Every structure is written in structure tokens, then in C-alpha cells.
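Reviewing the structure listed below.
Every number here is computed from the coordinates shown, using simple stated rules; none is lab data. Since we're looking at a predicted model, the values are computed, not measured. Neighbour counts run over all protein chains shown; Cβ positions are idealised from the backbone, glycine included.
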Amino acid sequence: MLFKSSKISAVVEWGTLLISTVLVCFFLVVVIWEIVSKGAGQLSWDFITKVPSAGMTKGGILTPIIGTVMLTILTALFAIPFGVCCAIYLNEYAEDNWLTRTIRASIRNLSGVPSIIYGLFGLALFVQALQLGTSLLAAGLTLGLLSLPYIITTTEEALMRIPNSTREAALAVGATKFETIKDAVLPSAMPGILTGVVLTLSRAAGETAPILFTGAAFYINNSNGYLNQEFMALPYHLYMLSTQHQSIEEVRPIAYGTALILIIVVFFMNLTAFYIRFKYRKSATEM
Amino acid sequence: MKYRTRLSLDILFKIVFKGTGLLVLALLGGILAMLVYNSFSFFMDVKPLDFITGMEWSPTAAIPKYGMLPLVLSTTLVTFGAMFIAIPLGIGTAAYIAEYASPRVKNLLKPAIEMLAAVPSVVIGFLGIVVLSPGIADLADLSNGLNALNGAILLAVMALPTIITIAEDAIHAVPKTYKEASYAMGATKWQTLRKIIIPAAAPGIIAAVMLGVGRAIGETMTVLMATGNASILPTSMFDSVKTMTATIAIEMGEVPYQTTHYFALYAIATVLFLMTLAANMLGEYFINRFRKYHAV
């Protein structure tokens with residue numbers, strides 16, 4: 001009797017946890033299903049190769065696609081060199097003193113700073129103080145700052161996994177510390193660094209708040225992607241189409257299409273990161 | 001390459017690497033300086049006490065009022081609502097993944113949660129407008145569903161991956177011996193989970209929740225799109241709310257440079273910064289406690 005009831009309650013208990021898990025997965029399914037089922041009808045070659053026309057009620061989304069690609073490249077150009085160098089400093093050079101501890105604490109704090117505050121900082125520093133104006137460059141630099149702490153953290157984790165024997169071997173054959181890092185440590189840490197970089201850039205590509213005041217435009221009539229001009233970006237385009245456009249219902253299909261493209265871009269980058277991680281793990285176990 | 005060139009390259013790059021480390025300090029310093037300087041300019045015009053205890057936010061009225069309470073309450077309401085949903089779901093899912101799921105299911109669930117974390121906030125906000133808002137309006141018989149409840153549900157979805165990942169790590173890190181001891185005493189799996197594993201993982205779980213709170217407070221696009229943005233003192237989950245982040249996002253685009261209103265938005269940003277900082281620091285405190293406790 002006792003045994004039987006405890007068996008039932010075990011099932012109930014297992015069920016409660018299962019339900020919460022299923023609910024979480026359900027959220028993901030709703031997100032993907034809603035966007036894919038209503039956005040797929042929009043997808044066509046024209047949609048991704050034509051610029052918006054007729055007050056954005058017709059045409060494609062080429063301009064925001066180019067804007068987002070340019071923005072992500074700028075973010076990468078700025079955040080990767082600085083982020084990787086800082087991680088190298090922290091993991092290879094820094095001693096455990098107050099300066100290092102302060103830098104580490106700053107990185108942890110920076111990764112928790114809301115993205116809208118990065119937007120304000122970009123506005124104050126790049127747009128106003130450095131006179132870049134609201135432009136692609138200002139927005140790219142702002143997103144670069146936002147990405148910096150993530151790139152530092154993931155790169156440092158990748159460097160930490162490299163065994164000290166790798167460094168000692170390079171130093172033993174007469175390499176300087178810099179050569180050890182350049183020729184021995186960085187190449188072996190590369191897959192880990194790449195994973196972190198791709199994941200960070202996929203986040204940056206989907207960010208909206210930091211580009212609100214630093215250069216994203218409702219509409220521009222060319223798709224050149226000049227550094228000193230305002231630009232259209234996929235997430236901002238979706239925000240505008242779903243809340244600010246004068247005929248919201250009419251542009252809803254385009255909004256779904258934009259959301260789908262955005263999700264495809266972001267998921268594709270994530271899958272690339274998973275793939276690198278997976279391959280790296282495999283080759284690491286084979287060694 | 002000559003030995004001397006190699007040596008000077010070595011020294012040069014040591015300086016470059018250290019310089020980038022200092023750049024990080026400059027970045028945080030710059031953000032702090034910006035917040036402090038602009039807030040200070042704001043408090044030259046408006047008394048700090050009026051700002052902190054003011055019940056009305058109407059900066060564009062004939063007699064502008066800069067009371068931050070409606071905004072702070074909105075943020076708090078939406079965040080608490082989100083946590084009310086996300087904490088049980090997050091801990092339940094984390095416990096399921098760590099204790100019940102087979103390796104195969106685990107290998108499916110973990111990428112799924114990472115995918116959910118990767119969905120851009122603007123897409124979640126969009127779904128709030130097209131899916132959740134009509135749903136809430138139907139169920140609660142309202143003219144539209146753009147309110148605190150909508151924002152809370154969406155923020156819960158956004159905070160869940162953070163909470164699940166960290167809570168799962170914490171549950172996973174509880175030493176196996178605890179579990180075995182509990183089973184040896186005749187406890188069931190559920191009793192072990194509730195009485196042994198979750199209490200042992202508690203600091204890690206609290207950390208997970210605090211980091212989720214930090215994420216929810218600072219989230220902009222989702223609440224901007226889904227909560228209706230009426231700056232009134234909210235009284236229920238069905239009221240439209242205007243959070244601190246949404247206020248900055250909406251009004252910064254419209255204010256003239258270096259007016260009281262402009263500075264006021266930086267003052268709001270300072271409060272926002274302090275709130276997320278407090279949440280994240282609490283989270284970190286608990287993570288460190290957890291690590292110390294389980295360092296064997």
C-alpha cells in the first residue's frame with residue numbers, strides 16, 4: 001500500500017518537473033513556429049535583394065540587411081582585437097594584484113550593464129564628444145564596447161584550457177613570451193576563441209537598444225553602408241515596422257519576414273559556434 | 001629575426017596587452033563619469049528628494065515633474081511578475097535536466113535553451129505585440145493587452161535561459177556523496193531533491209535568480225514594445241506601465257541636447273545602473289559562497 005502510493009507520487013513529482021521543462025520548450029516552439037509559419041510566405045529572392053519602397057509597404061529589406069552586416073563587421077573589427085589582447089593580458093601576464101582584480105571586477109560589472117546604458121554612453125562619447133554624429137561608425141563602436149566584456153571572458157576561458165606544458169615547451173626551445181603566445185598558445189586556443197566570438201557577434205547583431213540613439217534610421221534611400229551616414233538595421237527595422245509605422249497592419253507581413261531573416265541570421269551564427277565547439281571537442285578527445 | 005628585435009617585440013606587446021587591460025578600466029570609468037556628471041547637472045535643477053520621492057513623471061508638461069517613482073515601480077512590478085513565473089519554471093527545468101533527464105534528452109534540452117537565449121529581444125517584443133497581447137486582451141476582456149502582465153511573461157521567457165543554465169550548474173555541482181547518503185537513509189528521489197540537493201545548491205540557485213533579475217531590469221526592447229508605456233503609477237498587472245529602460249529609449253530620441261529633461265534621463269540611467277549592479281553583485285556574492293562551500 002505504502003509502496004504503491006509512493007510510486008504514484010514519484011510519477012507526479014517527476015511530472016511536475018517535466019511540465020516545467022515542457023513549458024520552457026513550448027516557449028521556444030511558439031517563438032519559432034509563429035515567426036516561421038507567418039514569415040516564410042514573405043521569403044523570396046526579391047525580399048532580400050530589393051530595397052524598401054512605397055513607404056516601406058513594398059519591396060524587400062536589402063538596406064537593413066546591409067546595415068546589420070556592416071554593423072556586425074565593425075563590431076568585430078573593434079571588439080575582437082581589444083577583447084583578445086585584454087584576455088591575453090589577464091591570463092598570460094597579469095599577476096594577482098589589486099590592478100588585475102580591479103580589471104576583472106570591471107569586466108564582470110560591464111557585462112551586467114544594461115544595453116541601453118551602452119547606448120547612452122555611445123551617444124555621449126562617439127556621437128557628441130568625438131563628433132562622429134549619428135552614424136554607422138558610432139553605432140558599430142558602441143556595439144563593440146558592449147561586446148568587449150563577453151569576448152574577454154570567453155577568450156580567457158579558452159586560454160585557460162591550454163595546458164601549461166604547451167607554454168613550457170615553446171619557452172624551452174627559446175621562444176620569447178610573445179612568440180609563445182603567438183605561435184603556441186593562440187593557435188591551440190583558436191577554436192574556443194572563435195566560438196566565443198561568433199556567439200558574441202550573434203548577440204550584437206540582434207541588439208537594438210544601443211543603436212537607437214547612435215545611428216539607426218527609420219528609413220534611408222540608399223543601401224551603400226557608408227560609415228559616416230545613418231543606416232537601417234534588421235532589429236531596428238522590425239521595431240519600427242511593428243510599433244512606429246503609420247500603417248502597422250499593412251506592413252505586418254514584412255515585419256514577420258524581417259523577424260524571420262533576423263532569427264535565421266542569429267541561429268545560423270549560433271549553429272556555427274556549436275559546430276566549432278563540437279568539432280574541437282572531438283579533435284581534443286582524439287588527441 | 002635578430003634577437004634584439006625579438007626582445008623589443010616581446011616588450012612592445014607586453015605593453016600593448018596591458019594597455020587593453022587598462023582600456024577596460026577606462027570604459028567602466030567613462031560610463032560612471034558620464035552617469036555621475038549628467039546626474040549632477042540634473043540635480044542642479046531639480047532637488048534629489050523631489051526626484052526620488054516624486055509620484056509623477058511628466059517632463060514635457062507646462063510645469064515639468066521629474067518624479068522617478070512611477071518608472072521605478074513599473075520596472076519593479078514587471079520584474080517581480082517575471083520572476084514569479086521564471087523562478088519555479090527555471091528551477092523545475094534545471095532540476096529536471098540535472099537529475100531526471102537521460103543523457104540523450106539532456107543533449108537536446110541544452111541546445112534548445114541556448115537557442116531560446118539567442119532569440120533577439122526585439123523578436124520577443126514583436127511576439128508580445130502579435131501573439132500575447134491579443135491573447136491577454138481576450139482573456140481579461142481589455143481593449144488591448146499591452147500591459148505589465150504582457151511584459152512580465154516576455155521577460156520571464158528572456159530570463160529563463162540565464163536562470164536554468166546557472167541553477168543547473170549549481171545542482172550538478174552538489175557532491176554525489178550527499179545524494180548517496182540520502183538514498184542510503186531510505187529517502188526517495190524527490191525527498192533527496194527537495195531536502196538535500198536544492199538546499200545544498202541554494203546559493204547557486206539564488207545567484208541564478210539574481211542574475212535573471214539583473215537581466216530583466218535592464219531589458220529594454222521587450223518592455224518598450226509590449227507594456228504600453230503609459231507613465232502612471234501602476235496599481236495592477238493589467239495596467240500599462242512605462243519602465244525606466246523604456247522611458248530612456250522613448251524620450252532620449254526627442255529631447256533637446258543638455259536640457260533638464262536630457263539630464264533627467266541620465267539620472268534615470270544612473271538609478272537603473274545601480275539597480276542592475278546591486279542584483280549582479282548579490283548574484284556574484286552567492287556564486288562565490290557556493291564555490292567556497294563546495295570547493296573540495
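Data overview
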{"quantity": "Cα-centred dipole magnitude for the protein assembly as shown, charges only on beta-carbon of K, R (+1) and D, E (-1), debye, nearest 20", "calculated": "1800"}
{"quantity": "Relative contact order (%) - chain B, alpha-carbon pairs under 8 angstrom, separation at least six", "calculated": "24"}
{"quantity": "Max mean-square fluctuation residue, GNM over chain A, Cα-Cα springs under 10 Å, options A:N221, A:N91, A:N270", "calculated": "A:N221"}
{"quantity": "Whole-Hz couplings from phi, Karplus 6.51/-1.76/1.60, listed for the stretch B:60-77; x for Gly and Pro", "calculated": "9, 6, 4, 10, x, 10, 10, x, 8, 4, x, 5, 5, 5, 4, 4, 4, 4"}
{"quantity": "The protein assembly as shown: equivalent-ellipsoid semi-axes (sqrt of 5 x gyration tensor eigenvalues, Cα, Å)", "calculated": "36, 34, 26"}
{"quantity": "For chain A: rounded, prolate or oblate by the Cα gyration tensor [a/c cutoff 1.5]", "calculated": "oblate"}
{"quantity": "Cα Rg, Dmax, chain B, angstrom units", "calculated": "23.6, 80"}
{"quantity": "Spatially proximal aspartates and glutamates relative to A:K50 (Cα-Cα < 20 Å; intrachain offsets below 8 disregarded)", "calculated": "A:E230, A:E250"}
{"quantity": "Relative contact order computed over the stretch A:173-287 (Cα-Cα under 8 Å; 6+ residues apart), in percent", "calculated": "34"}
{"quantity": "Global form of the stretch A:1-149, assessed from the alpha-carbon gyration tensor, a/c cut-off 1.5", "calculated": "oblate"}
{"quantity": "Relative contact order for chain A, counting Cα pairs under 8 Å that sit 6 or more residues apart, in percent", "calculated": "26"}
{"quantity": "Inter-label distance for B:L277 and A:E168, nm, one decimal - labels placed 7 Å from Cα along Cα-to-Cβ", "calculated": "4.3"}
{"quantity": "Within a Gaussian network of chain B (alpha carbon springs, distance under 10 Å), most fluctuating of B:M185, B:M275, B:M34", "calculated": "B:M185"}
{"quantity": "Furthest towards positive pole of dipole, A:A184, A:G133, B:G90, structure part the protein assembly as shown, Cβ charges", "calculated": "A:A184"}
{"quantity": "Part-to-part distance (alpha-carbon centres) for the stretch A:138-195 and the stretch B:156-196, which is given in Å", "calculated": "34"}
{"quantity": "Under the Karplus curve 6.51 cos²θ - 1.76 cosθ + 1.60, θ = phi - 60°, whole-Hz ³J(HN,Hα) for the stretch A:256-269, x wherever Gly or Pro sits", "calculated": "4, x, 4, 4, 5, 4, 4, 5, 4, 4, 5, 5, 4, 5"}
{"quantity": "Cross-link reach list, lysines versus B:K176, counting only Cα pairs under 20 Å and skipping chain neighbours closer than eight places", "calculated": "B:K106, B:K189, B:K195, B:K292"}
{"quantity": "Over 11 Å [Cα-Cα, the stretch A:2-42], rounded percent", "calculated": "69"}
{"quantity": "Top of A:V265, A:V113, A:V69 by mean-square fluctuation, Gaussian network on chain A, Cα under 10 Å", "calculated": "A:V113"}
